[in-house]
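First comes the structure, then the notes that go with it.
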Amino acid sequence: MPTLLVVHHTTSPALESMLDAVLAGTRADGIDGVDVVVRPALAATASDLLAAGAVLLGTPANIGYMSGALKHFFDQVYYPCLHATVGTAYGLYVHGNLDTVGAARSVHAIATGMQWRRAADDVVVLGQPDAQALESCWNLGATLAASLMPG
């Protein structure tokens, strides 16, 4: 069964609500035959990534960059997975209070270096996520999960 790996660093109620919406999207009606594995960024491993057909990443924007925990994930998997995960589909959601540009850019720079392909538009939220932001998170989760459906 294809696996969607969700790697997140959830540090606030806003990010928790975004993660919940992403995961609800992965369980949408009509999405079958996809295993969803959820790992905090500090616990996600190269083995998790190697077993995944797609990756969904979630991070806060911390001082203009992705979270240290998500950077740690990338540091742990970069060389062990560099050649084996070429072409992997990925998606990203980012939460910030002031600015998220640097955080998104830093994730995309590493994903580009790993030769992954962006499978959906980023979901970027400033401040408290509203209903539209949470719907976008739901759609992100559904899109990545549906991209792995067999057949």
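Of note:
- Qualifying residues in the range 21-56 (those that are in a helix (DSSP H, G or I) and without any contact (Cβ under 8 Å) to a residue 60 or more places away in the chain) - the one surrounded by the most Cβ atoms within 10 Å (Cβ to Cβ): L49
- Residue in the range 121-136 that is of a type outside the set (S, T, Y), loosely packed, with under 14 Cβ neighbours inside 10 Å, within 15 Å of the chain's Cα centre (by Cα) and at pLDDT 95 or above present: yes
- Residue within the range 83-95 that is in a helix (DSSP H, G or I) and either surrounded by fewer than 19 Cβ atoms within 10 Å (Cβ to Cβ) or in contact with an Asp or Glu (Cβ under 7 Å, 6 or more places away or on another chain) (or both) present: no
- Subset of the range 1-20 [in a loop (DSSP other than H, G, I, E, B) and at pLDDT 95 or above]: P2, H9, T10, T11, S12
The values are calculated or read from the model by the stated rules, or taken from the named source; none is laboratory data. All values reported here derive from a predicted model rather than from experimental measurement. Note: ideal-geometry Cβ built from the backbone for every residue, glycine included; neighbour counts use all protein chains shown.
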